[in-house]
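Student: So that we are looking at the same thing, I have put the structure below in structure tokens.
Just so you know, all these numbers are worked out from the coordinates, no wet-lab data involved. Just so you know, these numbers come straight off a predicted model, no measurement behind them. Using ideal geometry, Cβ is built from the backbone for each residue, glycine included, and neighbour counts are taken over all protein chains shown.
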Amino acid sequence: MKTLLQINTTLNYGSTGRIAEEIGLLARQKGWNCYMAHGPRMKNESRLQTIQVNSSLDEKIHGGWYSLLRDRHGLGSRHATKRLVERLRSEIKPDIIHLHNIHGYYLNYEVLFDYLRKEDIPVVWTLHDCWPFTGHCTHFDFIGCDKWKTQCHHCPQTAAYPKSLFVDNSFSNYRLKSRLFSSVADNLTFIPVSAWLAELLQNSFLKGCRTKVIHNGIDLNIFRPCDVRNLVVHPGLNDRKVILGVASPWTDRKGLKDFIRLRGMLPMSEYVCVVVGVSEKQAAELPDGMIGIRRTQNIQELVAWYAAADVFVNPTYEDNYPTTNLEAMACGTPVITYRTGGSPEALTARTGRVVGQGRLNDVVDAVHSLVAEDRDNLSSECRAHAERCFDREKCFQSYVGLYQELVK
């Protein structure tokens, strides 16, 4: 039996954690022995064999001393990563190592890639963000930075995740990543989750690596149209049209300010805006006509909001291939998104609208246009598109096929 080891910050939590879990479960069905290595926070129960890489204390040291004070994110947790590597060598002996997010204060990428280079193991790396080819940040679109194409330096985003208070080591981080990640290029296959991200990769220092786009998939048995009369009961709805947004966390980059402005541009008697994933403070500051729902791990509650919405609006300024778009359409709800990153790639002309960033007048027009369409027909088209394109088993089978190809 072949052995697969996946590595991700979270365990069956959030989009990347759920994706890794579902890939592992599908691979196990196909006869693979599957492990999941992860950080100490943000974890749910998993049906895979799990390995927690470091402790909560070590995570705090990594986040504080290495990242916050020295801008050396990903270079703490050295002893914890050495223990992981020793277990991989002596016990698990993986045939494939599949990386997801290796940032997040839990793993030392220098130790890990030294092991990968020496052991000559095939590596699959799903790109959920841009961190692997920058000197600091996970995204750069919001500020329009292109230093990552040649050499990061004087980073304008040291205050963004992974936050650094005083030091800018983006120059040396960039060079170290370039050397380490390129050292396993012959065994490395990158999986950008969008064509947009694949294009960025070809402009980075990793452009020579094998690349294959595999879009994210979702569980269509969970995310599906449903009767919401008894699922979503909120006194603020009052039979108005529901404009839904989902993000966690809600930041300016996710478009919260634009959502608030949108609320003021729609007739309050006809529309209510619901934002899921806000903090308690954000919920308290929302204007009249907006409902704030705290982040929930109750998937059925989230599905109910998707299904109850008339339109899903994703005013993101920075994104790769957001699963929220997929989830909304799978629940029968059309999507309006900004022309940002890979976000438009999931839509068709019959399942939503794409508008320019910040063009709220166009968003309003799109809302009115979609609400005016026959709801049943629109919902059916959204669901049919999801079944064709977003079925997790079809999407994630591509990973299993790739694994089998790499270990022949």
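Student: Test residue 314 against the stated conditions and say whether it is under 23 Å from residue 379 (Cα atoms) and in contact with a Ser or Thr (Cβ under 9 Å, 6 or more places away or on another chain).
Tutor: yes
Student: What are the residues in the stretch 388-408 that are in contact with a strand residue (DSSP E or B) (Cβ under 8 Å, 6 or more places away or on another chain), in a helix (DSSP H, G or I) and within 18 Å of residue 222 (Cβ to Cβ), if any?
Tutor: 392, the sole residue that qualifies.
Student: Suppose we keep only residues that are aliphatic (A, V, I, L, M) and not in a loop (DSSP other than H, G, I, E, B) within the stretch 296-322. Which one would you say is surrounded by the most Cβ atoms within 10 Å (Cβ to Cβ)?
Tutor: So the residue we want is 313.
Student: Would you mind telling me which numbered condition in (1) surrounded by fewer than 24 Cβ atoms within 10 Å (Cβ to Cβ); (2) more than 28 Å from residue 191 (Cα to Cα); (3) in contact with a Pro (Cβ under 9 Å, 6 or more places away or on another chain) residue 354 fails?
Tutor: (2)
Student: Within the stretch 334-351, which residues are among the charged types (D, E, K, R) and either over 17 Å from residue 217 (Cβ atoms) or crowded, with 23+ Cβ neighbours inside 10 Å (or both)?
Tutor: 339, 350
Student: From the set of residues in the stretch 374-408 that are in contact (Cβ under 8 Å) with a residue 24 or more places away in the chain and within 18 Å of residue 241 (Cβ to Cβ), which is surrounded by the fewest Cβ atoms within 10 Å (Cβ to Cβ)?
Tutor: Per the criteria, the residue is 375.
Student: Could you tell me which residue of the stretch 165-205 is nearest to residue 135 (Cα to Cα), considering only residues that are out of contact with any helix residue (DSSP H, G or I) (no Cβ under 8 Å at 6 or more places or on another chain) and outside any helix (DSSP H, G or I)?
Tutor: So the residue we want is 169.
Student: Another question about this same structure. How about the stretch 323-362: which of its residues are in contact (Cβ under 8 Å) with a residue 60 or more places away in the chain and either in a loop (DSSP other than H, G, I, E, B) or closer than 18 Å to residue 263 by Cα (or both)?
Tutor: Within the stretch 323-362, 331, 332, 333, 338, 340, 341, 342, 358, 360, 361 qualify.
Student: If you scan the stretch 12-63, which residues turn out to be hydrophobic (A, V, I, L, M, F, W, C) and within 30 Å of residue 166 (Cα to Cα)?
Tutor: If the condition is that a residue be hydrophobic (A, V, I, L, M, F, W, C) and within 30 Å of residue 166 (Cα to Cα), then 42, 53, 57, 61 are the ones that fit.
Student: Of the numbered conditions (1) out of contact with any helix residue (DSSP H, G or I) (no Cβ under 8 Å at 6 or more places or on another chain); (2) of a type in the set (A, V, I, L, M); (3) surrounded by 13 or more Cβ atoms within 10 Å (Cβ to Cβ), residue 284 fails exactly one; give the number of that condition.
Tutor: (3)
Student: Has the stretch 182-195 got at least one residue that is closer than 16 Å to residue 100 by Cα, of a type in the set (S, T, N, Q) and in contact with a Gly (Cβ under 6 Å, 6 or more places away or on another chain)?
Tutor: For the stretch 182-195, residues closer than 16 Å to residue 100 by Cα, of a type in the set (S, T, N, Q) and in contact with a Gly (Cβ under 6 Å, 6 or more places away or on another chain): present.
Residue by residue, here is whether (1) of a type in the set (A, V, I, L, M, F, W, C); (2) within 30 Å of residue 253 (Cα to Cα); (3) buried (at least 22 other Cβ atoms within 10 Å of the Cβ); (4) touching a residue at least 12 places away in the same chain (Cβ under 8 Å) holds:
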site: 56; (1), (2), (3), (4): no, yes, no, yes
site: 64; (1), (2), (3), (4): no, yes, no, no
site: 75; (1), (2), (3), (4): yes, yes, no, yes
site: 98; (1), (2), (3), (4): no, yes, yes, yes
site: 104; (1), (2), (3), (4): no, yes, yes, yes
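Student: Take residue 106 and decide whether it is assigned to a loop (DSSP other than H, G, I, E, B) and either within 16 Å of residue 162 (Cβ to Cβ) or in contact with a Cys (Cβ under 6 Å, 6 or more places away or on another chain) (or both).
Tutor: Yes; evaluated as a whole, the condition is true for this residue.
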